[in-house]
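This report concerns only the one structure given below.
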């Protein structure tokens, strides 16, 4: 990603509700991870509305900051790649295969972008773009054993030459994604983003997803027409969205995403899809 674009860091801090220092330290990295995950939702709504996903730095800033929207991994982590570099961090973009809902015998596409931040002599995984399992704390890339975050416990395990980022669900470890350590340069992100946002076979063309981290270990997740508020495996609230107007109200009230009255995400009067 070109670094010719200068991000407005003051406006970014206002967007995520963070007023602390901006310096390339581990404490600031932790603060940005938490605040961003709680204020900028993971969402694929533009895909369902047939809009293109522009990954240029200026377009990402307009969407996530000026329009107060969210996005998926190429938008969220692509944006943070520029923000973190501008602050002064050394950052490497890596590619991965998302394994949530994909058993080991299935090979998902390499369509996930996450970041490795080199700070204080160690490498930290920073990922604000993995849906309902978005990291609210960076985790060590090469640590053995469990790692605490502000939400779920995480760990990195290596098997057959691959690394698996896993999350604890309350009764089992589940794969979040697998990676080999291969970097994901701008051209590869552009190609993967095109497939993810355009192919009818891509998951984001087949389902509505919106997710946001919250306080006290809670997460807000909208999948198609069902909204849940959960803490780990515990379901604290569950709502079925029954109309397009209810969908807009929920997006505004729970995720801070405001759309003009009458906006239709998908087709028909029901939120799309509803299965």
Quick one: Cα centre-to-centre distance for region 109-151 and region 7-22, in angstrom?
21 Å
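Given axes a ≥ b ≥ c from the Cα gyration tensor, I'd like to know whether region 56-190 is rounded (a/c under 1.5), prolate (a/b larger than b/c) or oblate. The partial results should precede the final answer.
On the way: a/c = 1.57, a/b = 1.43, b/c = 1.09.
In terms of gyration-tensor shape, prolate.
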Could you list 134, 196 so that the one with the fewest beta carbons within 10 Å of its beta carbon is first and the one with the most is last?
196, 134
Say R0 is 22 Å: what FRET efficiency, to the nearest 0.05, do residue 19 and residue 239 get from their beta-carbon distance?
0.10
Counting other beta carbons within 10 Å of each Cβ, put 118, 35 in order, fewest first.
118, 35
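If I stretch the segment between residue 160 and residue 120 completely, what's the gain in nm (0.36 nm per residue apart, minus their alpha carbon distance), one decimal?
Values: separation 40, 0.36 × 40 = 14.40 nm, distance 2.94 nm.
Additional length available on full extension: 11.5 nm.
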Computed FRET value (nearest 0.05) for residue 191 with residue 147, which takes r as the C-beta separation and R₀ as 25 Å
0.20
Take every Cα pair under 8 Å in region 9-201 that's 6+ residues apart, average their separations, divide by the length, and report that relative contact order as a whole percent.
20 percent
What full-extension length gain, to one decimal in nm, is calculated for residue 9 and residue 182 as 0.36 nm per residue of separation minus the Cα-Cα distance?
59.3 nm
Would you work out if region 139-275 is rounded, prolate or oblate? Take a ≥ b ≥ c from the square roots of the eigenvalues of the alpha-carbon gyration tensor; rounded if a/c is under 1.5, else prolate when a/b is larger than b/c, oblate otherwise.
oblate
Taking the Cβ of each residue in 128, 100 as the centre, tally the other Cβ atoms inside 10 Å and list the residues starting with the fewest.
100, 128
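Every read-out reported here was derived from the displayed coordinates using simple, explicitly stated rules and does not represent laboratory data. None of the values given here were measured: they were computed from a predicted structure. When we count neighbours, we look across all protein chains shown, and the Cβ atoms used for this are built from the backbone with ideal geometry, even at glycine.
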